[in-house]
1. May I ask what percent, to the nearest 5, of DSSP beta bridges between residues of chain A are antiparallel?
2. Subtracting the Cα-Cα distance from 0.36 nm times the residue separation, let me have the gained length for residue C:97 to residue C:242 in nm, one decimal.
3. What FRET efficiency, computed as 1/(1 + (r/R0)^6) with R0 = 60 Å and r the Cβ-Cβ distance, is obtained for residue A:749 and residue B:76, rounded to the nearest 0.05?
4. Can you check how the C-alpha radius of gyration of the stretch A:139-239 compares to 2.2 N^0.38 Å, as a plain ratio?
5. If you bin every alpha carbon distance in the stretch C:12-61 into 10 Å steps from zero, what whole percent lands in each bin?
6. Within a 10 angstrom radius of each residue's Cβ in B:3-10, how many Cβ atoms of other chains show up on average? Whole number is fine.
7. Please list, short to long, the whole-number percent of alpha-carbon pairs of chain A in consecutive 10 angstrom bins beginning at zero.
8. At a Förster distance of 35 Å, what's the computed FRET efficiency of residue B:238 paired with residue B:151, Cβ-Cβ distance as r, to 0.05?
């Protein structure tokens, strides 16, 4: 593609360079303040009373003894919460509030650990003692932990209203259009459905959703090899180091809220919806956030508890969330139970793919992981024909949310072991079979909509596979795997992976002030990915101003932020480099115009570089500081008194507040964009398994990414390896454990849920990037946060099956007990299809 | 002192888990106090019962009686001692660990429990079909006599009580208490076998709700400590000189004609066939 | 009464400077006292508001309880010596590297800096039902949740379980048994010295305690005799994560050989029962036998006699067998065939 100011070429000063991010020093020297670090005079502390039962109805609460305690200031229950508000999209579409949705407190808890009430007291000890004085009379209701139990005839339902998210039957004579939204309903399978599945196979009854393209039956018929495999992926908590701690206070009718978020700008409207308030009365502060991974895209609904208690008590209120509480309210990735029937040609090409997935939905909002899994599998393995069937079953377990590559990671995990097994059966190289099936260029994906399927903006995963195989010495390593050394045997694994890598249509807002500095308004959250500052460097690059002369304003919605994407689905680098590019280009154009108006000539004859605007080929010019001064004098569009019509009203309000301070760059991302943006990774791993103990070590790991232009190599590498590690955690140990009799969690702390430690990381870990710019975005950069997760998980799983054979693993995580017991028994043991064992 | 130990169930309910083991001491002290008070009462205050005049009818009956009056059949005695052995084992295995004597008690305890259960089942069948079933249960006459005895002991005028049938009232009351306490431990103990590894059942601690189990453990414990006092009293009476003849009868099966006539009312305890089942020619004393 | 697992309840904190003062405090508060060493086990109980002592006796100020001293030919290690000190101590490394290795396998560097040897051997069971505050046998109740038909017992006992199926989680305990260490215990009646293996007790004897310490007792030191100094040692811990994790099973052994013949051996495993298990039958079987794969195989089979796996911990049987085999071989992995 041709575009002036092309930043994809290798000729820039900031893009593609490492630098010190503006938040780094404070994180190292401890001066960074997270929500829990704030203190205010007269601050009260909150403790929560959590539901002891997985599903119940509160009959009566006696708080008299607690309220009599000195120091206890208030108790909040669901009756004190505002009614859930409807929300309105930017297009004016009203989305009705879900009356059965999660509200932060409840009288009908639907999972153990759900908050029932909150006590505010002068200190935490008093609040905790007050909780113990509360008499809770709760009627236990039927509950279910395992989706399959709920689907059995007569099985329990997680909610009184039903057990699955399903589409209502369309009314007769309905006009064609998008399918109606999902509702809670009751779905039970028959005894025959269950009886038809062999031991270890996922039963397949009625699904609530399905789509198909191509001739699946024909593909299976023509296949040289048909595999029918079941796999279970784990429920896994996000385990952010910063829990959902929140501090709140009120001043002059406005509420000030400190908590962690992935998206500063987008959290404001979410809070407004939860509190049923006008967004302009909400000031949300989040300069530092200790991890999100999808659990804090817009913070969490629990933040309204201290906000409302602060209003009630007229005091600042801190709600510190413990690790155990975080395990309940902190979100998790849903487990998928999947069955993949795949027909391969003798070369290994996937002719037909029949995918059936059950998502362990948790008790609240519908999760789209089952659907996401189908979409990602259809893209990453390019089957010639595919059928997807899925359903999301409600369970009485903690609420889920998106987690790094939601659905995609699980879909890849259902798929990759089958591909590895097929390669072994067909005698095809593991890299080769993936290359054969890999997407390329404008690759199609997903369900056909109106007869057409979507396509990617670009895809270079074959280049990643080739580059990775070379860098990993794949062929050389392959020659030595499988040989036993004492009790140890090595295995080699490769996996492909992909996920969404960007969105479009947001605004950029920058002001070049007469002090010669560029003030960048950022609505991006600071949850550690560094996209917060990486994205905005594009504006500085275009204006030719050194990074040291840029001031990033972030982490506070009162500081005039522009309309910004939600940081989820790895959209930020793509979306906000586009917005930054638009704002940078706007400022650059205005600089040229200001110079022309001031010094004469045409704007095109002026160049912007080295902190100056000057006539091309020599001649008069001015510094950026002078240009800013002139912009203020010129007013109108130049200093923000006149604004573009297409920017979001929030951006307009912020720009208006900043008008007159300097030369303003403000614009909406209107760049063309053909296709949907995805990023790709090819991951490689070598493991060594001790057959006497079942213990294994990851010796080597390489993730080779295709995410377009690399804007900030250190951050990019951090994301590739960090998120690979997140996936590796799913492969090697991270899990939930629920006691099925009581329906309550027995693994609630780090040493039970086992997120990986630094010593579980591969001994050698490397990353690389293809680096081919995406043609559909001006900077060429796509997001890289989430795509590595599936690859991290499956490179390990595939290396393990390479070492151990195909009859050991049927679920993740794979721990020494699984390996040893399965080797002893000669077949997969432990857990079967059960959830959370 | 709490009588019951409570705990919070996994669902946050307050459930009983067992009795407070302080009740063991309470029971032992109550038992000991009873013995002391009784011994003092008998030794210092109780008036010897006035010797009722021998009437001619009774003398005639005596003439027809054998020297040794059969009281307990071999089966009945075997039951008593097997049950007694099981009971002692049960009490020691139950309570020694509670007072700090550490040993592996569980298996011995449940095996003894099964011995007890089997012996009691045998006893119920035996007593129902082969023994004079009703002789051990208190009846209205017992209550009338007890009231008369009490009034006389308090110095109030009352008609003289009749002599006992086969079993004195205190014996009957003891049996009644043992009946209820025994039923409680056996019934609850049977289900508790589901909680521990035995060859009989697949372990299933979730047979009942936490609350039901809690009540069972409390009943089991309560009956257990009640047994401590009951057995103290039982042994006390067994070794009291005036009751020794009854204890001996539980070993040898008979009492002497004199004791029979002295303590029992032949109308209330008629002898079948008039002949003793045991004892040939030896004098009672010689048998000891 | 509702349940909350956060915020340490108030207690009276004592920091005695001498053992005598500590003993006096323990005597004064009896069952209501709590002995605090490194605090890794204690503070978790407190913060969960499950254990609520009236008085906490912090041993950190008692100098005589800490440090490694030469003791005749052996060593005496104060009970509050940190695991890091044990790991780093020259004499421990030179003569009893088994203990250094075991101590280094415990938890994580930060925890080892704070955790003590006495605390590591005396720590409570980590069964997740018990630690959740459920009223199980070990907590004084009348049920074992882990041994229920639906119980989750992947990390539980395969040996010597009686009602309770929790395991002893200590890494140093089997090493101390293999070294024939003696535990020095101060009781109100005076000092007593017991063999390490007799220090630990199973649920059959006392379901609520892991060791012989009763209220008022204090473990003051651990003596390691010269007997096994410089012997051939083997320690291995198999765990899910490579750091900050309890053992699924661990093994510790000390062996003397003459040529390729095993003269004597002491061997203990942990993570399989409520107490570390000394495998006397294995020790007897291998004495005088050649140190080879065959002996290792026989030893492995003897080791697992009497094991009774639960629903999810059957893997511990081959794991224990294989670890014992490795201890005999003295190396991980099979010898090349």
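1. 80
2. Once the chain is fully extended between residue C:97 and residue C:242, it gains 50.2 nm.
3. Computed FRET efficiency for residue A:749 and residue B:76 comes out at 0.45.
4. Cα Rg divided by the expected 2.2 N^0.38 Å: 1.38.
5. Computed distribution, short to long bins: 28, 56, 16, 0.
6. 6
7. Result returned by the calculation: 3, 13, 22, 24, 20, 12, 5, 1, 0.
8. According to the calculation, E is roughly 0.80.
Read-outs throughout are calculated quantities, based only on the coordinates presented, and are distinct from any laboratory measurement. Everything quoted here is computed from the prediction, not taken from an experiment. Here Cβ is always computed from backbone atoms with ideal geometry, including for glycine, and neighbour counts include all displayed protein chains.
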